[in-house]
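Step one of this worksheet: look at the structure below.
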Amino acid sequence: MTEKTILRALAGETLDTPPIWMMRQAGRYLPEYRATREKAGDFLSLCYNSELAAEVTLQPLRRYDFDAAILFADILLIPQALGADLWFVTGEGPRLSTITTQAGLDALKPVEDIHETLNPIYETVRILSRELPRETTLIGFAGAPWTVATYMIAGQGTKDQGPAHALKAENRPVFDALMQRITAATIEYLSAQIEAGAEVVKIFDSWAGSLSGADFDTYAMQPTKEIITALKARYPGIPVIAFPREGGDKYIGFAKATGADCVAVDDSVSAEWVAAHVQPDGCVQGNLKSSHMVTGGHALVDETQRIVRALKNGPHIFNLGHGITPDADPDNVTRMIEAVRSA
Ligand code: CP3
């Protein structure tokens, strides 16, 4: 039996205390992250500098007793590896060259070529798998095809993913071909992370909630299932966490439909509801509101312990419902961990 609690929870074991990690645990709320990013120059240079990316991945583990490290990278490196231009505007977010036509698709690089760009990321994984403490699990990740497509089509983050919905409605062949290309690239990218030492992979579908009805099945569930099926055929022992954010009722049955070992849930659903409807199918991860990490106090402790107690009768990995924000107080992370372990 492995001593890695995350792997035990992902295998379906109910633990006395849930393992803990935090989305965006390496990030701007930590002064040491900001200093290393400064040293790297900018965010993308940090992602592609294997030594510094490994360093920022390890920073939160020096401060906090987390059970997992998540590779420091970004979901938008796949579009870049496929040939899209990518840059980040400070205070605003990512910008990309857009793809909305067959000619745009044709100009993308073939999937086999992504590793030329992504090799430094695999090197970060290799460094981490050497340097992490034995009890810490290394999580690799990628964006889900729909979420990545929303950025590739709009060229930036959008409130309602309107441009992606429009392309899906107006030029289904181009939209579908783009989804296929991202899916194939994601399978190769995650496979390479696993070969380099990732022990778990997570698929982030941040905008899954904007897909309704049959579209959710076709563009959130199916591509995730395709990726998981391919990975399980190659690496049967590697667990997968799926995060179809704001899935709501669609969280029910998501693990069964896709083959995911764990469904990560955001904070729009209650832990009690998750215990009743999602956890019966296997491990769940979530779902403290990130704003508690800014506001702290009794509410942070009470809400953390309510979640732990609600999910204590099944496999659970404690996490936030979304990433920790730059205005969070680092001391609140310590309080959260203490609250989990004393619940
Ligand atoms: O969780 C981790 O610590 C691992 C690293 C990680 C990052 N991004 C680093 C990052 C992971 C897993 C991601 C995933 C990601 N990236 C998602 C899916 C999860 C989610 O948040 O919904 C998305 C949609 C992106 C795309 C992205 N990257 C956006 C929209 C932005 C700008 C918004 C923001 O928070 O600044 C980023 C930048 C980004 N990715 C930062 C970090 C630490 C901040 C960059 C900085 O240092 O300025």
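Here is how the numbers come out for the structure above:
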{"quantity": "Residue within the stretch 314-333 that is in a helix (DSSP H, G or I) and open to solvent by less than 10 Å² (accessible area, probe 1.4 Å) present", "calculated": "yes"}
{"quantity": "Filter pass, SER210 being farther than 24 Å from ALA103 by Cβ and more than 16 Å from the ligand (Cβ to nearest atom)", "calculated": "no"}
{"quantity": "Number of positions in the stretch 93-110 that are more than 17 Å from LEU76 (Cβ to Cβ) and either free of Cβ contacts under 8 Å to residues at least 24 places away in the same chain or in contact with a strand residue (DSSP E or B) (Cβ under 9 Å, 6 or more places away or on another chain) (or both)", "calculated": "3"}
{"quantity": "Residue in the stretch 92-103 that is within 13 Å of ARG181 (Cα to Cα), of a type in the set (S, T, N, Q) and open to solvent by 60 Å² or more (accessible area, probe 1.4 Å) present", "calculated": "yes"}
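Rundown of residues vs (1) under 25 Å from ASN119 (Cβ atoms); (2) within 11 Å of the ligand (Cβ to nearest atom); (3) within 19 Å of the chain's Cα centre (by Cα), yes/no style:
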| position | (1), (2), (3) |
| --- | --- |
| ARG28 | no, yes, yes |
| ARG34 | no, yes, no |
| ALA40 | yes, yes, no |
| ASN49 | yes, no, no |
| ARG63 | no, no, no |
| ASP67 | no, no, yes |
| ALA81 | yes, no, yes |
| ASP85 | yes, no, no |
| ARG95 | yes, yes, no |
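The values are calculated or read from the model by the stated rules, or taken from the named source; none is laboratory data. Quantities reported herein were computed from a predicted structural model and do not represent experimental measurements. Cβ coordinates were reconstructed from backbone atoms using ideal geometry, including for glycine residues, and neighbour counts include every protein chain displayed. For accessibility, only protein heavy atoms count, side chains too; no ligands or nucleic acids. Shrake-Rupley method; radii C 1.70, N 1.55, O 1.52, S 1.80 Å.
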